[in-house]
Amino acid sequence: VIKEHYRNDYKMFESSISKDFKTILTMETELRKALKEGQFELHYQPQKNIVTGKIVGVEALLRWNHPKEGFISPGTFIPLAEKTGLILEIGDWVMYEACRQNKQWQDEGFDPIIVGVNLSAKQFHQSDLVERVASILNKTGLHPTHLELEITESMAMSNEEDIIQTLEGLRDLGVYVSIDDFGTGYSSLKYLSRFPVNKLKIDKVFIQNRKQNEAIVKSIIHMSHSLDMKVIAEGVETEEQLSFLKNERCDEMQGFFYSKPLPPTHLNEMFQKQTV
Ligand code: C2E
Ligand code: MG
Ligand code: MG
Ligand code: MG
């Protein structure tokens, strides 16, 4: 009876987790394969200086070009990559590829711009992050001031001493650090004034519900400037949003109104138009 009981228990246990477990295992295998077989691609979304209208940077956004499923968005697979730890290898690839591409654009004669790379929490908390970044810059030949690392509020707001050490290490190296999706996490203004961070990226929810969030957007812009930081608006989709941001002296913009994230060759064409 006892044996039977356990067997049933085990079966129930198995049926409830096996589906998730298999999905994770399959996904992990697929992600590994994707990395090995070059199924990952970076698309780049331009960032414009609002006053001059010049492209000053691009954000690298990961795309999985799956042989059967087609393009899979990062929102779907990044959380799994985080869970399995594969995000570290994927993240290294992203940073290397983004730096390599940016250096290539410079070598092709385009005006130097900054490439933004999103860091996952696991990546940011690696104790050798600064050395890794330095080594990638070294290998690709990209100057540190042409790389910006995007972290989120929640990454910056925990375990103070380690975070400060990492951020100072990155600053000493010369790379920029921005806070992504600003306003959606648990910001502590205490941290914000202490941490060496160069830029705030206002989350797109505030831009898209602009009227409702007008006071918040204005405050973030003014606060950034008081703290000697730059500020960029994400998710700008309309002319009206852009002119509001211009009025409020927001430094930069990024969004579908100007351009979606695009494969690197498309960026070449945009840069070309700028230089003529
Ligand atoms: P994020 O870093 O905040 O990136 C901005 C997201 O907003 C991108 O979605 C971009 O396509 C989208 N976006 C840009 N402009 C507009 C707009 O005007 N309207 C709207 N509705 N959306 C806009 P995407 O590419 O799907 O990336 C989603 C998230 O996945 C990113 O949010 C980032 O958190 C994460 N991610 C992407 N690539 C990487 C990566 O290489 N590493 C890590 N760790 N995370 C990544
Ligand atoms: Mg980002
Ligand atoms: Mg964002
Ligand atoms: Mg994000």
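Structure data summary
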| quantity | calculated |
| --- | --- |
| In the stretch 256-276, residue farthest from ligand 3 (Cβ to nearest atom) [restricted to those that are outside any helix (DSSP H, G or I) and not polar (S, T, N, Q)] | 276 |
| Lone unmet requirement of (1) near ligand 1 (Cβ under 9 Å from one of its atoms); (2) farther than 18 Å from residue 179 by Cα; (3) in contact (Cβ under 8 Å) with a residue 60 or more places away in the chain; (4) not acidic (Asp, Glu) for residue 105 | (1) |
| Hits in the stretch 176-230 (condition: surrounded by 17 or more Cβ atoms within 10 Å (Cβ to Cβ), within 16 Å of ligand 1 (Cβ to nearest atom) and of a type in the set (A, V, I, L, M, F, W, C)) | 177, 179, 182, 197, 200, 202, 206, 207, 217, 220 |
| Selection count, the stretch 203-235, where residues are within 20 Å of residue 114 (Cβ to Cβ) and more than 16 Å from ligand 4 (Cβ to nearest atom) | 8 |
| Check on residue 217, among the aliphatic types (A, V, I, L, M), at pLDDT 95 or above and assigned to a loop (DSSP other than H, G, I, E, B) | no |
| Answer from 200, 242 - the residue that is without any contact (Cβ under 8 Å) to a residue 40 or more places away in the chain and not β-branched (Val, Ile, Thr) | 200 |
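The values are calculated or read from the model by the stated rules, or taken from the named source; none is laboratory data. Since this is a predicted model, take the numbers as computed values, not measurements. Backbone-built Cβ (ideal geometry, glycine too); neighbour counts: all protein chains shown.
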